[in-house]
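One structure below.
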Protein chains: 2
Amino acid sequence: MLKLIIFLMCFGVIFANNFWIVNPGPKYPPTKGEVWPKPQYQIKEKTFYIFNPSQFKVKTTNQTCSILTSAIERYSYVISNKIGRRIRKRKVRAHRRHISAEGLYKGHLNELEITLTKPCEGYPHLNMDENYNLTVSATSTLSSPSIWGVIRGLETFSQLFYLSDDRNEIRINTTQIYDFPRYKHRGLLLDTSRHFISVTNILKTLDAMAMNKMNVFHWHIVDDQSFPYKSEKFPELSNRGAFDSSMVYTKEDIERIVEYARNRGIRVIPEFDVPGHTASWGSSHPDLLTECYEGNKVVGLGPMNPTKNTTYILLRELFQEVQTWFPDRYFHVGGDEVALDCWKSNPELQEYMKNNTLTVADLHALFMRRVIPLLANNSKPIVWQEVFDEGVKLTKDTLIQVWKYNWITEMINILSAGHELLFSSTWYLDAIKSEWPDYYSPDPRQMVYDVTQNETLLPGIVGGEACMWGEMVDDRNVINRVWPRASAVAERLWSTLDDNINYKSKIPSETYYRIEEHTCRMIRRGIDAQPPTGPGFCIA
Amino acid sequence: MLKLIIFLMCFGVIFANNFWIVNPGPKYPPTKGEVWPKPQYQIKEKTFYIFNPSQFKVKTTNQTCSILTSAIERYSYVISNKIGRRIRKRKVRAHRRHISAEGLYKGHLNELEITLTKPCEGYPHLNMDENYNLTVSATSTLSSPSIWGVIRGLETFSQLFYLSDDRNEIRINTTQIYDFPRYKHRGLLLDTSRHFISVTNILKTLDAMAMNKMNVFHWHIVDDQSFPYKSEKFPELSNRGAFDSSMVYTKEDIERIVEYARNRGIRVIPEFDVPGHTASWGSSHPDLLTECYEGNKVVGLGPMNPTKNTTYILLRELFQEVQTWFPDRYFHVGGDEVALDCWKSNPELQEYMKNNTLTVADLHALFMRRVIPLLANNSKPIVWQEVFDEGVKLTKDTLIQVWKYNWITEMINILSAGHELLFSSTWYLDAIKSEWPDYYSPDPRQMVYDVTQNETLLPGIVGGEACMWGEMVDDRNVINRVWPRASAVAERLWSTLDDNINYKSKIPSETYYRIEEHTCRMIRRGIDAQPPTGPGFCIA
């Protein structure tokens, strides 16, 4: 029984009345050709077309650009090789019409026609348009006013294919979809400081994000433990602060990652968390950090020293470089978990606070107030919620990321103050015992609405992020720890809540079957995702 | 703070007084040349030898056999390539003596001389001798009366090498070790029914077990969800019961796995769990299973039907085949989690129980009493604890595996009845939030001794097993879920308890540093283990 109990405790599985009866086979057999995240509007008929890789073509009708060309190339490969190969391995007979059941067979899929009605944008942004229309028939059509919408639509199109039960043919059902995201910022935070993550796995992560229609890669690139960002202006930062000389990201690595992401409609936002979480900066620049005291004795180095001009000079120079390598207008300056006790213990800072009648929280505010203007013109800062909590005056275009307990009150406070926010509190992927259903349920807008009944606050919640902190993940397990758990967050952020579902307690049962298909799909496309829910298998 | 709190909650990390001070770099920098599991007696001096792959030779002085030849070949490769390559990548200068500090350098390591004093045994067994003596000097010696001891000693020898701080040379310290295991059965259970695990990953698992001196691979090969054992006598069992025709273990696969294990001093014990956990048998042989009723309605199939002769006939035939493929004398017949409620619900069984004045637990006893004699002569059964609990009369050479709550009372009951047992209750690796420290502490003999103060009971605890049930692990994450968490169990089972340690609450701090080195060592040798404790990195 213990095995069963442990399993149920860990995963909260609902069991049938006769729970002594276990059926052979997978717990949740995968669906066939269902899309993840679920489209906003979808009509799917029972009739289907057969896919033959040698016959199928993708055409663009008017606009084109390099992002579109590269997306078509990429999805043609996925459709023909990752999907088409499943059948081509077997003997394909010329005429299959006879095996199609009950007149549902409507012919071969010939073509996908893509219509992009406006010029391509060069780089994805917070307010990009991601809506698209997709109609599947012998000549299928995909249209969008935006290159980003086309990319999302191509992903959806690729997910509609499925293997027939006899595994002899690839089918796609007659379908109409109109789709757009519920939230405009759908992010994944990856921490590359606690453990180094290779460029290869970052690119894989971007592939998986695209498969889940996530659009922001929040790169928590440096932290206390290591400084893998290889600055050209300050090479000593990584020379002394990286774990190893092989464990760094060069300008070329970063450019490659940014370009790879751009082609998938994904923004890359760097985070240089200050003034806390900066021990690794101290390996080369101990003078940046505050000496922490116990009585009269220095016992170590704490957060950056907010009273030294040299701190701000280095940050300005460094941020300038970072912003030339990362084109996104948003820049995350952190501001969380500042060890105020260290600042309090330091005699010089005590003196400074006394002379200026400042509390230690004021000191944090002062630091952030001086740091934010160091960013380039037109930059928009993102900060962790402490910066708001400690009363720093922030411009209206600052995004505040909510990550602590009491998140509903916190969100209401931030929204009421006229700010926009990102939600992360319940989406920490380092909570290792949480499985995808734990991440699936909480919808931040719904939570705020339930308390306030105030619809006008809701648009201020522009999105959220799943956060993969790096203490317990490295290059070997990061992919299977993130996926498919982050897929739950991705769907929550993309798809509209089903009104019939009490989002607090119940996940529609179809979701369990659908995430099995989605996980197998990720695996086929090179993402070593872990099993989502229980016993089962994927067919290559 | 939440990040910190979550982290501390999950991993029970002890922090320093000034917990606001975080140092850059790994949480626990790896040790250098420390052995896992810890040897019983070890004297390690500060003087060291330098390893040069081109100079080093392994010699055997008298006895030899194919297991020894293959072990020498394997460890020569590990020492020269997995260890030696780390230095050979860099420029090796001819004379290094000048860099050795304070006269600690004692010369080059020339040779390892292996003395095996008795003839090789062909197959490892419960009472095999695993003790060895190892002396490291310019001409090092390893001696044992047993091939299994030599294999354990070679593993230890390979673990003593380390990279110098400047990474310019491989060193090994002057060392004397006398070593033997605390428990004679040190197992790992792998479940290949909830998800299929490829032969490649089973072989990797055996490699990792050898690195951790584990000596029993408990192969929980079939269960409710799938039947991947490809029987020659009953091909329909896997034809209909496996997840897919590609997801089976053939005779050749099994022979390959058994031979690979044998060469590493690892026994392979198959488990065919009966009468419960057998839904997948029903895909081809529904007649084997009991019809479960709700009122007058059959609602599904439950455990095997204990009243039908045909059940026992099939089991006898199948077990005969299994026992020709698996040479170990032990055979695990399961007997856990039988859905007695299903048996109770079935009218025929109700009738049978009534006519024979049997309770439903008696029925379970009756089943096990009839199944155990189906094994070949001289076989020894292993059963889950329920079989003992339900009063089945068991021969003294039956091993009882304890896995439920109240394990101390259960162990005392089993031992007092004169039986031997395996302990697993606290070593379930599917408890995903448990990390290696959670598995490290409980010592089964110590637990029994604390309650009974009776030393005579203790030898009846012959060992234990870490259990990796397969609900949430498949080919993609099984290796990193098992390792290094199972390493904690491996060390508990091999090494003697340190008398100065209160095993209930405190893990010696050196263990944290040592498991980091051991994890990096496994990674270098091809085992994609996960980070053991926190931020850090491994040098390839």
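Mean partner shielding of peptide B:44-51, defined as the number of other chain Cβ atoms within 10 Å of each residue Cβ, is 0. Contact residues in region B:419-455 by the 20 Å² criterion (accessible area, 1.4 Å probe, full protein complex versus chain alone): B:Tyr428, B:Asp430, B:Ala431, B:Ile432, B:Lys433, B:Glu435. Each copy carries a label point for B:Leu358 at 7 Å from Cα along the beta-carbon vector; from one copy to the others these points are 8.2 nm apart, nearest first.
Surface calculation, 1.4 Å probe, protein heavy atoms: B:Arg264 sits at approximately 20 Å² accessible.
Restricting the GluC sites (Glu not before Pro) of region A:209-271 to loop positions (DSSP other than H, G, I, E, B) with no more than 10 neighbouring Cβ atoms within 10 Å leaves A:Glu232. Pairing chain A with chain B buries about 6100 Å² of accessible area. This figure sums both sides and uses a 1.4 Å probe.
Given R0 = 30 Å, the distance between the Cβ atoms of B:Asn377 and B:Cys120 translates into a calculated FRET efficiency of 0.75. Straight Cα distances below 27 angstrom link A:Lys297 to the lysines A:Lys308, A:Lys344, A:Lys354, B:Lys27, with same-chain residues fewer than 8 positions distant left out. Helix A:360-371 axis versus longest C-alpha principal axis of chain A: approximately 70°, rounded to the nearest ten.
Express the carbon and sulfur contribution to the solvent-accessible surface of region A:188-330 as a percent, rounded to the nearest whole number, probe 1.4 angstrom. Carbon and sulfur: 46 percent of the exposed surface of region A:188-330. In nanometres and ascending order, the distances from the A:Asn23 label point to those of the other copies are 5.7 (point 7 Å from Cα along Cα→Cβ).
Centroid-to-centroid, using Cα positions, region B:248-321 and region B:506-540 are 38 Å apart. Panel note: contact residues of region B:299-340 (accessible area lowered by at least 20 Å² against the chain on its own; 1.4 Å probe) correspond to B:Val299, B:Leu301, B:Glu337, B:Ala339. Straight-line reach from A:Lys118: which lysines fall under 27 Å, measuring Cα to Cα and dropping same-chain residues less than 8 apart? Result set, ordered by chain and number: A:Lys38, A:Lys57, A:Lys59, A:Lys184, A:Lys213, A:Lys380. Longest stretch of chain A clear of exposed loop sites (chymotrypsin sites (Phe, Trp or Tyr not before Pro), DSSP loop, at most 15 other Cβ atoms within 10 Å, sites excluded): A:20-404. Relative to the longest principal axis of the Cα atoms of chain B, the long axis of helix B:509-524 makes an angle of roughly 80 degrees. Relative to the other identical copies, A:Leu458 shows label-point distances of 6.6 nm, where the label point lies 7 Å from Cα along the Cβ direction and values run shortest first. Only protein atoms count toward the accessible area here, which uses a 1.4 Å probe; on region B:27-179, the carbon and sulfur part of that area reaches 49 percent. Residue and whole-Å distance for the chain B Cβ lying nearest the axis of the B-onto-A rotation are B:Lys433, 2.
Give me the percent of DSSP beta bridges within the protein assembly as shown that run antiparallel, rounded to the nearest 5. Antiparallel: roughly 35 percent of the beta bridges in the protein assembly as shown. Solvent-accessible area per residue in chain B equals 37 Å², computed with a 1.4 angstrom probe and all protein chains kept. Given 4 °C and 1.567 mPa s, compute D for chain B with the Stokes-Einstein relation, Rh being the Kirkwood radius over Cα pairs; round to the nearest whole µm²/s. Stokes-Einstein gives a translational diffusion coefficient of 52 µm²/s. B:Cys538 sits with roughly 30 Å² accessible to a 1.4 Å probe, with DNA, RNA and ligands left out of the calculation. Label-to-label distance for A:Thr200 and A:Lys308 is 4.0 nm, based on points extended 7 Å past Cα in the beta-carbon direction.
The values are calculated or read from the model by the stated rules, or taken from the named source; none is laboratory data. Quick caveat, the model's predicted, so the values are computed rather than measured. For neighbour counting, all protein chains shown are included, and Cβ atoms are generated from backbone atoms with ideal geometry for every residue, glycine included. SASA here: full protein model, heavy atoms, side chains in, ligands and nucleic acids out. Shrake-Rupley method; radii C 1.70, N 1.55, O 1.52, S 1.80 Å.
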